[in-house]
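Each remark here refers to the structure printed beneath this line.
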Amino acid sequence: MHNPDAPSLAEVVGDIHDESYQRYARLVQAYIGAPVALVSFVDDHGQVFPGAIGLPEPWATARSTPLSHSFCQHVVAADGPLVVSDAREVDFLRDNLAIEDLGAIAYAGFPVRDPSGRAVGSLCAIDGEPRVWTESELAVLADLAESCTTEIRLRAEGERAARAEARASRRDEHSRVLLRFSERFAAGRTVVDVLDAVHEVAESVAGAVRCAVALVDGEQVRWARAEPVPGMPDDMWSPRALTEVEWPGVRAVAHRETFLFEDADALADVFPVMRGIGGPGATAIVPVSTRTATLGAVVLRWAAPRTFDTDLVDLLAALAGYAAVALERATLIEGQQRIATVLQGAMLGTLPAVADVALDAVYAPALETDRVGGDWFDVLPHPDGSLDLVVGDVTGHDLHAATLMGQLRIMLRTLAWENPGSASDVLARLDAVALGTRLDATGTVVLVRLGPAGSDGARDVRWSSAGHLPPVVVRADGVTDRASSDAPDLPLGLPHALPRTERALRLAPGDTLVLYTDGLVERRGTSLRASVDELLRVAAVHGAGLRAVDLLEALAPGGTADDDVAVLTATVGAPA
């Protein structure tokens, strides 16, 4: 079971009284009705319960047991679910002390995994009486375990990004030499930001007339930022193998060596390939290095010969130091953002194929956040040919918001599947479950229920909005309008006693329904009504059959700085 290279149990679990894991235990109890629900993590020494409902004392206070009292260890060892109706009748469980001390008779547990995919614990339901677990109960438990695993991964990635950014920030603090541009480098979140800062500092502070930046890419050096040079050959800025040390930029990287040449002749004496290239001025080639790796090199050229005094040498060293820290930070942040974006996409899932409805959806993260957020879309087909469409927006634009979104999405899918009635009734039930399980989430959602296609291909639609913008309807003839001009009901997550309302419309073949979050239309300095009017205008231009990506490209090209965006379109009577 033990893997010395894997994260420790303490690193995976965090706080033994963790509200997020406690919420999963409450969800298990709420959906399955088991007396005991646990989020359990197991190692060679025992098991701990950062999420626990219904445990007897002293275990409820201790939040841990030895392995002698653990069913969950078998989930981890088998790397798969363990489902038993009566543990007393199972050979490898009948002597387990959890039966007598914890009253564990019936058990259903599914593995939760750390970021490496290793099973480290179990999300489980326990009953003190023999019990046959139903398929629907096990399906809900499996979904919640997957959601718990996703939270572990998102939390780990967020902590890793935070640690990386903290390390980079601490290194920044140690250098005070270039105070004029320290903030410029610290503000860079992308590699392009850092390259811009290097170029700006090289010219405005160091006085260079040209600046080029080379970055290590595997076993070669590529020029990430360069410009034309007098007398340069056609392949001047081509990628170079790290063995081509006749070129100054490559040698600076390969040998982690700084070169300072007061004029062109001095440069050509050491690097003959540079003779006649770049004019008569001085040249500096400075490696960009951390303690463990060389990331690249900066090349500066001046218009005229010059000496390199102590101040200039210190300035160049500080420039390279700031660039190294900023590049390392930007590379880590971009990597974490890519991972987070992939995880967000995994939580959103893929659109199902529906025979006579063309579906399209798109999600775009806010540009100035962790590249994840609380916006989501979902489509749930039903066996009778009806179809649920959902777009929602949990407050926040970070990993925490994405985690809450994943939990709400699972709640809503489960409730929508089990309750074929009105859309307003489903949202009312979602209110009750979210508040009852103390899910600390607020936000908006619109649920649209498309009835089965009639003989003429049309579909009756019932929809309800919890504080969300109304859908937009694009008729087959190009006429567009809001599905309703009435004010929506209260958002999710707010205690209230008001009934949720439902509205109806009918979609004929060729009609398109558009669901979207406010990030698509809200703009500073523009009223929301005017912004939605602009959406109607753009939709009319594209006409019936428009896709979600069409609206994103027209209204939020490249995403928006302040808010993430989710758009879902459904065209009735069209092939999938």
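Here the Kirkwood formula puts the hydrodynamic radius of region 191-339 at 15.4 Å, using every distinct Cα pair. The residues neighbouring ARG222, those whose beta-carbon lies less than 14 Å from its own, together hold a net charge of -2 under the Lys/Arg +1, Asp/Glu -1 convention.
Between ALA206, THR292, GLY510, whose Cα lies farthest towards the positive end of the dipole of the chain when Lys and Arg beta carbons carry +1 and Asp and Glu beta carbons carry -1, centred on the Cα centre? Towards the positive end, the residue furthest out is ALA206.
The residue list ILE152, SER20, VAL84 was ranked by how far each Cα lies along the charge dipole of region 9-159 toward its positive end, using unit charges on Cβ atoms, and SER20 comes out on top. With each label modelled as a point 7 angstrom along the Cα→C-beta vector, the PHE92-THR331 pair spans 4.4 nm. So what does log10 I(q)/I(0) come out to for region 9-159 at q = 0.13, 0.14, 0.15 Å⁻¹, using the Debye formula with one equal point on every Cα and no solvent? Relative scattering, expressed as log10 I(q)/I(0), comes to -0.49, -0.57, -0.67. Each label was represented as a point 7 Å from its Cα along the Cα-to-Cβ direction; for ARG537 and ASP460 these points are 3.8 nm apart. Per residue, the convex hull spanned by the alpha carbons of the chain comes to 197 Å³. Across LEU260, LEU535, the residue with the most accessible area heads the list, and the full order at a 1.4 Å probe is LEU260, LEU535. A cut-off under 10 angstrom between Cβ atoms defines the neighbours of ARG131, and their net charge, with Lys, Arg +1 and Asp, Glu -1, is -4. Distance between the pseudo-spin-label points of THR350 and THR258 (7 Å out from Cα toward the beta carbon): 5.3 nm. For the chain, the residue among PHE377, LEU427, VAL194 whose Cα projects farthest onto the positive side of the dipole built from Cβ charges is VAL194.
When the Debye formula is applied to the Cα atoms of region 433-576, each taken as the same point scatterer, what base-10 log of I(q)/I(0) results at q = 0.13, 0.15, 0.16, 0.18 Å⁻¹? Those come out to -0.62, -0.81, -0.91, -1.09, one per q. Sorting ARG251, ARG523 on solvent-accessible area from highest to lowest, probe radius 1.4 Å, gives ARG523, ARG251. For the chain, the solvent-accessible area with a 1.4 angstrom probe is 43 square angstrom per residue. Put a plus charge on the Cβ of each Lys and Arg, a minus charge on the Cβ of each Asp and Glu, and nothing anywhere else: the dipole of the chain about its Cα centre is then about 640 debye.
R0 = 35 Å: FRET efficiency of ARG160 with THR310, Cβ-based, nearest 0.05? Step by step, r from the Cβ atoms, then E = 0.35. For the chain, the share of accessible area belonging to carbon and sulfur comes to 53 percent (1.4 Å probe, ligands and nucleic acids excluded).
The values are calculated or read from the model by the stated rules, or taken from the named source; none is laboratory data. Remember, it's a predicted structure, so these values are computed and weren't measured experimentally. FYI the Cβ positions are ideal-geometry reconstructions off the backbone, even for glycines, and counts take in every protein chain you see. Keep in mind that these areas ignore ligands, DNA and RNA; they rest on the heavy atoms of the full protein, side chains included. Shrake-Rupley method; radii C 1.70, N 1.55, O 1.52, S 1.80 Å.
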